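Peer 1: I have a structure I would like to understand better, so I am pasting it below and will then ask my questions one at a time.
The values are calculated or read from the model by the stated rules, or taken from the named source; none is laboratory data. None of these values were measured; they are calculated from a predicted model. Positions of Cβ are backbone-derived with ideal geometry, glycine not excepted, and every protein chain shown enters the neighbour counts.
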Amino acid sequence: MLRPDAGRDWVALDASPLPVADAIAWATTPASGAVASFVGVVRDHSEGRPDVTGITYEAYPEIAERRMVAIAAGARTRWPAVDRLALLHRIGDVELSEPSVVVVVSSAHRPEAFAAAQFCIDTLKASVPIWKREHWSGGSAWVECASAARPVEESA
(Lines give C-alpha, C1' and ligand atoms only; values in the text may rest on other atoms or scores of the structure.)
Protein backbone atom coordinates (compact mmCIF):
# COMPACT_ATOMS: atom_id res chain seq x y z
CA MET A 1 0.00 0.00 0.00
CA LEU A 2 1.19 3.50 -0.80
CA ARG A 3 2.41 5.62 2.09
CA PRO A 4 3.60 9.25 2.03
CA ASP A 5 7.26 10.06 2.48
CA ALA A 6 8.28 12.52 5.16
CA GLY A 7 7.70 16.05 3.96
CA ARG A 8 4.89 18.12 2.53
CA ASP A 9 4.58 16.41 -0.88
CA TRP A 10 3.39 12.89 -1.57
CA VAL A 11 4.19 11.97 -5.16
CA ALA A 12 3.80 8.39 -6.38
CA LEU A 13 3.32 6.25 -9.46
CA ASP A 14 2.21 2.77 -8.41
CA ALA A 15 0.29 -0.35 -9.46
CA SER A 16 -1.55 -0.51 -6.12
CA PRO A 17 -5.07 0.87 -5.70
CA LEU A 18 -4.80 4.58 -4.89
CA PRO A 19 -5.51 5.45 -1.23
CA VAL A 20 -7.89 8.37 -1.77
CA ALA A 21 -9.11 8.63 1.84
CA ASP A 22 -5.55 8.32 3.17
CA ALA A 23 -4.35 11.10 0.85
CA ILE A 24 -7.12 13.43 2.02
CA ALA A 25 -6.47 12.60 5.68
CA TRP A 26 -2.71 13.11 5.22
CA ALA A 27 -3.22 16.50 3.51
CA THR A 28 -5.56 17.74 6.23
CA THR A 29 -3.53 19.56 8.88
CA PRO A 30 -4.40 22.01 11.68
CA ALA A 31 -3.15 24.85 9.42
CA SER A 32 -5.32 23.91 6.46
CA GLY A 33 -8.73 25.50 6.24
CA ALA A 34 -9.19 24.09 2.73
CA VAL A 35 -8.52 20.70 1.21
CA ALA A 36 -9.24 20.44 -2.52
CA SER A 37 -9.19 17.07 -4.23
CA PHE A 38 -9.57 15.66 -7.69
CA VAL A 39 -10.05 11.96 -8.31
CA GLY A 40 -9.97 10.72 -11.88
CA VAL A 41 -11.73 7.38 -12.32
CA VAL A 42 -12.07 4.95 -15.21
CA ARG A 43 -15.37 5.48 -17.02
CA ASP A 44 -17.32 3.14 -19.28
CA HIS A 45 -16.98 5.27 -22.43
CA SER A 46 -14.54 7.46 -24.30
CA GLU A 47 -14.49 9.49 -27.50
CA GLY A 48 -16.46 7.38 -29.97
CA ARG A 49 -16.50 4.25 -27.80
CA PRO A 50 -19.49 3.49 -25.54
CA ASP A 51 -18.33 0.13 -24.16
CA VAL A 52 -15.03 0.62 -22.32
CA THR A 53 -14.48 -2.15 -19.72
CA GLY A 54 -11.15 -1.01 -18.23
CA ILE A 55 -7.82 0.69 -18.87
CA THR A 56 -4.19 -0.34 -18.63
CA TYR A 57 -1.78 2.49 -17.79
CA GLU A 58 1.91 2.34 -18.61
CA ALA A 59 4.59 4.90 -17.86
CA TYR A 60 8.26 5.61 -18.11
CA PRO A 61 8.66 5.68 -14.29
CA GLU A 62 11.92 7.62 -13.98
CA ILE A 63 10.71 10.45 -16.22
CA ALA A 64 7.09 10.34 -15.00
CA GLU A 65 8.03 10.58 -11.33
CA ARG A 66 10.58 13.33 -12.00
CA ARG A 67 7.94 15.36 -13.85
CA MET A 68 5.38 14.76 -11.11
CA VAL A 69 7.87 16.11 -8.54
CA ALA A 70 8.43 19.13 -10.81
CA ILE A 71 4.66 19.70 -10.98
CA ALA A 72 4.46 19.74 -7.16
CA ALA A 73 7.39 22.20 -7.04
CA GLY A 74 5.73 24.37 -9.69
CA ALA A 75 2.50 24.48 -7.70
CA ARG A 76 4.42 25.52 -4.59
CA THR A 77 6.19 28.29 -6.52
CA ARG A 78 2.88 29.66 -7.86
CA TRP A 79 0.95 29.20 -4.59
CA PRO A 80 3.40 29.41 -1.65
CA ALA A 81 0.49 29.04 0.78
CA VAL A 82 0.04 25.36 -0.18
CA ASP A 83 0.44 23.25 2.93
CA ARG A 84 0.45 19.64 1.68
CA LEU A 85 0.16 18.25 -1.82
CA ALA A 86 -0.50 14.69 -2.96
CA LEU A 87 -0.09 13.71 -6.61
CA LEU A 88 -0.69 9.97 -7.16
CA HIS A 89 -1.14 8.05 -10.42
CA ARG A 90 -1.92 4.40 -10.96
CA ILE A 91 -0.20 2.16 -13.48
CA GLY A 92 -1.25 -1.30 -14.61
CA ASP A 93 -4.81 -2.55 -15.03
CA VAL A 94 -7.56 -0.32 -13.62
CA GLU A 95 -11.21 -1.39 -13.58
CA LEU A 96 -14.30 0.75 -14.17
CA SER A 97 -14.95 3.30 -11.41
CA GLU A 98 -11.52 2.75 -9.84
CA PRO A 99 -9.31 5.83 -9.27
CA SER A 100 -6.48 6.26 -11.77
CA VAL A 101 -5.22 9.64 -10.55
CA VAL A 102 -5.54 11.55 -7.28
CA VAL A 103 -4.63 15.16 -6.56
CA VAL A 104 -5.09 16.59 -3.07
CA VAL A 105 -3.97 20.07 -2.05
CA SER A 106 -4.37 21.75 1.31
CA SER A 107 -3.86 25.39 2.21
CA ALA A 108 -5.20 27.93 4.64
CA HIS A 109 -7.76 29.19 2.09
CA ARG A 110 -9.74 27.63 -0.77
CA PRO A 111 -8.62 29.80 -3.74
CA GLU A 112 -5.03 28.54 -3.46
CA ALA A 113 -6.11 24.93 -2.88
CA PHE A 114 -8.46 24.93 -5.89
CA ALA A 115 -5.98 26.69 -8.19
CA ALA A 116 -3.05 24.47 -7.23
CA ALA A 117 -5.12 21.28 -7.62
CA GLN A 118 -6.29 22.30 -11.08
CA PHE A 119 -2.74 23.26 -12.09
CA CYS A 120 -1.49 19.86 -10.90
CA ILE A 121 -4.00 17.74 -12.83
CA ASP A 122 -3.87 19.87 -15.98
CA THR A 123 -0.06 19.91 -16.01
CA LEU A 124 0.16 16.18 -15.26
CA LYS A 125 -2.11 15.38 -18.23
CA ALA A 126 -0.02 17.63 -20.52
CA SER A 127 3.51 16.77 -19.41
CA VAL A 128 3.84 13.34 -17.77
CA PRO A 129 4.58 10.32 -20.01
CA ILE A 130 1.75 8.02 -18.95
CA TRP A 131 -0.05 6.06 -21.66
CA LYS A 132 -3.38 4.29 -21.54
CA ARG A 133 -4.76 1.30 -23.37
CA GLU A 134 -8.54 1.09 -23.39
CA HIS A 135 -10.21 -2.29 -23.28
CA TRP A 136 -13.72 -3.09 -24.54
CA SER A 137 -15.69 -6.24 -25.27
CA GLY A 138 -14.29 -6.52 -28.80
CA GLY A 139 -10.63 -5.70 -28.16
CA SER A 140 -8.29 -2.97 -26.97
CA ALA A 141 -6.18 -0.11 -28.31
CA TRP A 142 -3.73 2.53 -27.13
CA VAL A 143 -5.36 5.94 -26.78
CA GLU A 144 -3.75 8.59 -28.93
CA CYS A 145 -2.89 11.85 -27.18
CA ALA A 146 -4.29 15.09 -28.50
CA SER A 147 -0.83 16.64 -28.13
CA ALA A 148 2.72 15.58 -27.38
CA ALA A 149 3.89 15.68 -23.77
CA ARG A 150 5.58 19.00 -23.00
CA PRO A 151 8.08 19.97 -20.32
CA VAL A 152 6.40 20.98 -17.06
CA GLU A 153 7.40 24.65 -17.49
CA GLU A 154 5.54 24.85 -20.82
CA SER A 155 2.38 23.24 -19.45
CA ALA A 156 1.51 25.95 -16.94
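Peer 1: Is there a residue in the stretch 11-25 that is touching a Gly at 6+ places or on another chain (Cβ under 6 Å) and modelled with pLDDT of 95 or more?
Peer 2: Yes.
Peer 1: Is it true that Val104 is more than 17 Å from Lys125 (Cβ to Cβ) and part of a strand (DSSP E or B)?
Peer 2: Answer is no for this residue.
Peer 1: Looking at (1) crowded, with 17+ Cβ neighbours inside 10 Å; (2) modelled with pLDDT under 95, which is the only condition Ser107 fails?
Peer 2: (2)
Peer 1: Looking only at residues in the stretch 31-68 that are under 21 Å from Val103 (Cβ atoms) and assigned to a loop (DSSP other than H, G, I, E, B), which one is modelled with the lowest pLDDT?
Peer 2: Ranking the candidates gives Tyr60 first.
Peer 1: List the pairs whose first member sits in the stretch 70-89 and is farther than 17 Å from Ile130 by Cα and surrounded by fewer than 16 Cβ atoms within 10 Å (Cβ to Cβ), whose second member is among the aromatic types (Phe, Trp, Tyr) and at pLDDT 95 or above, and whose Cβ atoms are under 7 Å apart, counting only residues at least 6 apart or on separate chains?
Peer 2: Filtered contacts from the stretch 70-89: Arg78/Phe119.
Peer 1: Could you tell me whether any residue of the stretch 46-65 is aliphatic (A, V, I, L, M) and within 17 Å of Phe119 (Cα to Cα)?
Peer 2: Checked the stretch 46-65: at least one residue is aliphatic (A, V, I, L, M) and within 17 Å of Phe119 (Cα to Cα).
Peer 1: Now for a different question. So if I check each of Ala148, Ala141, which one is among the aliphatic types (A, V, I, L, M), modelled with pLDDT under 95 and part of a strand (DSSP E or B)?
Peer 2: Step by step, each of Ala148, Ala141 is checked, and only Ala141 is among the aliphatic types (A, V, I, L, M), modelled with pLDDT under 95 and part of a strand (DSSP E or B).
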